[in-house]
1. I'd like the distance between the alpha-carbon centres of region 89-160 and region 390-416, rounded to an integer number of Å.
2. Residue by residue through region 234-244, what is 3J(HN,Hα) from phi via Karplus (6.51 cos²θ - 1.76 cosθ + 1.60, θ = phi - 60°)? Round to whole Hz and write x for glycine and proline.
3. Using label points projected 7 Å from each Cα along Cα→Cβ, tell me how many nm separate Arg417 and Gln211, to one decimal.
4. When DSSP assigns beta bridges and you keep just the ones with both residues in region 9-291, what percent turn out antiparallel, to the nearest 5?
5. Using the basic label-point model (7 angstrom from Cα toward the beta carbon), what is the Asp340 to Leu359 distance in nanometres?
6. Give the residue list of chymotrypsin sites (Phe, Trp or Tyr not before Pro) in region 45-138 that are DSSP loop and have at most 16 other beta-carbon atoms within 10 angstrom.
7. Go through region 72-120 and name the trypsin sites (Lys or Arg not before Pro) that are in a DSSP coil and have 14 or fewer other Cβ atoms within 10 Å of their Cβ.
8. Can you tell me which lysines have their Cα less than 28 Å from the Cα of Lys378? Leave out same-chain residues fewer than eight positions away.
Amino acid sequence: MMLNESEPLWLAHFSDLHYSPGNLAEADRCFGFAVENAIVSGCHVAVVSGDSTDHGLDAHTPAFGSLARRIHRLSGYCPVLMLQGTFSHEPPGTLDVFRLIGAQYPVYVADRIHQVAVCDGAFHPSGGPIFTDAEFDALLAQHGMPKVVFTCVPTVNKAVLAAAAGVANAATAVGDHLASYLVAAGTMNARLRSRGIATVGVSHGTVNGCQTEHGVPMAGFDHEFRIGALFEAECDGFLLGHIHRAQQWEREGRVVAYPGSIGRFHYGEIGAKGYLQWDIVPGRATAQLVETPARETVCVDFDGPPDMDALAAVAAEAADKFVRVRWTVNEEHRQLVDRDAIMALFGKSAELKIEARVLPAVRSRAEGISRAASLLEKLSRWGELTGVATGPLAERLALLESLDAQSIADGVLEQLRGMPAPEPAESPAWSEDFPSGASPFATPVDDVPTTRAEPLGLTPPAAPQMEWLTDDLFA
């Protein structure tokens, strides 16, 4: 879309699309909505500030194809700038194919630190990190006054920096080197702004003091940017990517902002999801978040076994939502949780993720036992802490230390021989009525009738004698 000299620059800012097989449904639904909304809103330039993919994708995968179709449609209405993001999400070279899919307007891939001007819908990059006076004069002579100049700072390869600055200094050197570059770019951007040209920075990294999508402040010396260094770039608007929570800073009319991720890809993310619509004129910028139809997530945590009544109340309002239930229980109570019942409660939810943390039983050793000098002292210390009388154990320990096994066994047998024989048990009262040795349950012999078996007269014939020398013994 062509710009008039008097109208402001309308810019659509997307970031952290994270297309992948696992995120395809969420990413494509949200980015598809954002693309159509940006087209209807009449944006002049579109920017994707890194992490278009979640990891390296083959060109034939559905996720890559869906992303390419969205970018192709967007390029039918305005120029598109795509910035190289984190190497683990966008391996170097991943974005090269998008240079080939521009429709009416080109798709420009910024994979090095430099500046690029947009003139009549076309991108014209600087030869080095910053436009020189000679380069810019030639640009004006050939293509006229640009409407916007982008200062592009893609993800820095820390391995290259470590080779130059040393491994020990690589973490902090990133921020120092980028700050120096931004100050140098600021000199050029201030001159461009004085000519009525909008200046926009685009980068992918962490600002010291920003907050993650889970509300955690990012504070440290190894982050890429300080907020002061970004404003020193003298850009009207600075478009950032990498952090998934939308947030922005303003100083004297100029704005630095993250749009956050296009969708909600993780449980526990706070804040709205969407893309930013920028309204930029030289010296002033505003950014408004346009929410996308990101999925709704519900997170329920229990310090102990889950409360089924509480879960039932949550499940009643969690239809078509993504639910995560987490609990922490001791090892001996893990059987108290009925996973099947929990899954049945959330049968109407879009997804149920169950995370159980089982705390193992910890059995600590007796305190101070390792400092005891001898085994007898260790045994005594153990008895003190556990309330066990160790006298008999100490005697047997002395035997084990002074005698061999055979001597101990002989001593035990000798003790057993010296013990008095046990007295016979007292006879029961009923034994006086019976003679010695008789059983009270025996039947008198005289009372038992006797019968004599008569022979049947069938005496079996005697077996013939076998002669072992002449007869066949095995016949």
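No value in this document is a laboratory result; all are computed from the given coordinates. Quantities reported herein were computed from a predicted structural model and do not represent experimental measurements. Quick reminder, even Gly has a Cβ in these numbers, built from the backbone with ideal geometry, and neighbours come from all protein chains shown.
1. A separation of 90 Å, based on Cα centres.
2. Running phi through 6.51 cos²θ - 1.76 cosθ + 1.60 with θ = phi - 60° gives 6, 8, 5, x, 10, 9, 10, x, 3, 8, 8 Hz.
3. Reported label-point gap for Arg417 and Gln211 is 8.8 nm.
4. On the way: 28 of 55 bridges.
If I count the DSSP bridges inside region 9-291, around 50 percent turn out antiparallel.
5. 2.9
6. On the way: sites: Phe64, Tyr77, Phe87, Phe98, Tyr108, Phe123, Phe131, Phe136; in loops: Tyr77, Phe87, Phe131.
Passing sites in region 45-138 are Phe87.
7. Values: sites: Arg73, Arg99, Arg112; in loops: Arg112.
Loop-located and lightly packed - Arg112.
8. Correct list for Lys378: empty, as no lysines qualify.
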